[in-house]
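Encoded as structure tokens, the structure appears first; notes follow it.
The values are calculated or read from the model by the stated rules, or taken from the named source; none is laboratory data. Small disclaimer: the values here were computed from a predicted structure and weren't measured. With ideal geometry, Cβ positions are generated from the backbone for all residues, glycine too; neighbour counts draw on all protein chains shown. Quick note on the areas: whole protein, heavy atoms, side chains included, nothing else; ligands and nucleic acids left out. Shrake-Rupley method; radii C 1.70, N 1.55, O 1.52, S 1.80 Å.
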Amino acid sequence: MSQLLAEIHEQPGVLRRLLAAERAHVREIAARVRAYDPRYAVIAARGTSDNAARYAQYVLGAHNRLSAVLSTPSLFTRYHSPPRMDGALVIGISQSGASPDLLAVLAEGKRQGCRTLTLTNVPDSPLAAIADDVLALHAGEERSIAATKTFTAQLLAVAMLSPALSGDEARLAELERVPEWAAQALAALAGPDNAAVRAARHLAHADHCVVIGRGYNYATAHETAIKSKELALLAAEPYSAADFLHGPIALIEHGFPVVVINMSGQVAAEMDDLLVELWRRGAQPVVISDRAESLALAAAPIPVPAGIPEWLSPIVAIIAGQLLAYHLTFARGYDPDRPRGIQKVTLTT
């Protein structure tokens, strides 16, 4: 088994460990954040962690009424003109906690009197050292260059923070089933000819594709796309379904490769409408979904376990996206443990 696949399969255990280790601590962090009473959140992240930040935008917005914006680190490090962040909760999300530009955002946040929080897999990292609070991911060493278990841990850390901030005990209870759902997703995509393998064969000869999601799973579209780029060298462009309808849908013609993530929830019906339109224009989409109606509209369906609350569905849906990218890498003749031209830790300034 490749190192990457082994770490994909570690995810249920990682999620279980994170819940056990940080269940009480996240309540303490939330109490301190509530006392600070932030007006909004500014999130500093790069690469895969940026996609965890996109998820945070939806979770904090929908459940905590807390607008969350992605920082623009070059304003801090290159243009030396950091924006005002009065009243912000400044959050750094980073696997390594080492990137200098993220450090600059949190340092400026502290200088402006903001409360700061770091989500990282390295609790003694520079980013952790500068923050008021640290929520460790407990993912263990991630040796694969492509991040998988640290990403789902980042999503779960965000998901733990949100109901702790609002005091929503029902949503806190829902978190306990996340490791079980992750294990079910992996079990559903086991075996030599599973749905992710077949979908990878469907995309193997494409030069490019689009990956479409919406709502909470906009982040899943971005993360599936980045994994397809860095591992399988497929030029995969992520879109919100709404943005895709505002012009880029003109790209669609017979055989154009499309991946659609559509989990049950508020946007599911309109995503099915988009799938119908994609077929009408000649696309034969790969569909990642827990909905029979959506999977029936797929040329290559990838099923995900049903019954997951929409706000938690990205933590499980991305496992299907990771496996799709993994098998696509082999189908295109590459080695997922040796992606071309990238390294594990990238230090941007």
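Assorted remarks:
- Filtered residues of the range 96-133 (kept if within 20 Å of the chain's Cα centre (by Cα) and among the β-branched types (Val, Ile, Thr)): THR118, THR120, VAL122
- Those residues of the range 194-211 which are assigned to a loop (DSSP other than H, G, I, E, B) and either crowded, with 23+ Cβ neighbours inside 10 Å or modelled with pLDDT of 95 or more (or both), in sequence order: ASN194, ALA204, HIS205, ALA206
- When LEU127 is tested against (1) closer than 20 Å to TYR55 by Cα; (2) surrounded by 24 or more Cβ atoms within 10 Å (Cβ to Cβ), exactly one condition is not met: (1).
- Pairs with Cβ under 7 Å, 6+ apart, first in the range 322-348 and within 19 Å of SER96 (Cα to Cα), second at pLDDT 75 or above and among the basic types (Lys, Arg): THR348/ARG46
- So GLU169, is it at pLDDT 95 or above, surrounded by fewer than 19 Cβ atoms within 10 Å (Cβ to Cβ) and not small (Gly, Ala, Ser): yes
- Residue list for the range 25-50, filter: of a type outside the set (S, T, N, Q), under 30 Å from GLN322 (Cα atoms) and out of contact with any Leu (no Cβ under 8 Å at 6 or more places or on another chain): GLY47
- Boolean, TYR58 is out of contact with any Pro (no Cβ under 7 Å at 6 or more places or on another chain), of a type in the set (Ser, Thr, Tyr), in contact (Cβ under 8 Å) with a residue 40 or more places away in the chain and open to solvent by 40 Å² or more (accessible area, probe 1.4 Å): yes
- The range 16-41: number of residues that are more than 16 Å from THR152 (Cβ to Cβ) and either open to solvent by 10 Å² or more (accessible area, probe 1.4 Å) or at pLDDT below 95 (or both): 14
- The selection criterion, being small (Gly, Ala, Ser), open to solvent by less than 40 Å² (accessible area, probe 1.4 Å) and not in a helix (DSSP H, G or I), does not hold for SER162.
- Options LEU70, LEU66, LEU102: the member that is open to solvent by less than 10 Å² (accessible area, probe 1.4 Å) and touching a residue at least 24 places away in the same chain (Cβ under 8 Å): LEU102
- When ARG115, ARG78, ARG84, ARG177 are screened for being open to solvent by 10 Å² or more (accessible area, probe 1.4 Å), basic (Lys, Arg) and touching a helix residue (DSSP H, G or I) at 6+ places or on another chain (Cβ under 7 Å), only ARG115 passes.
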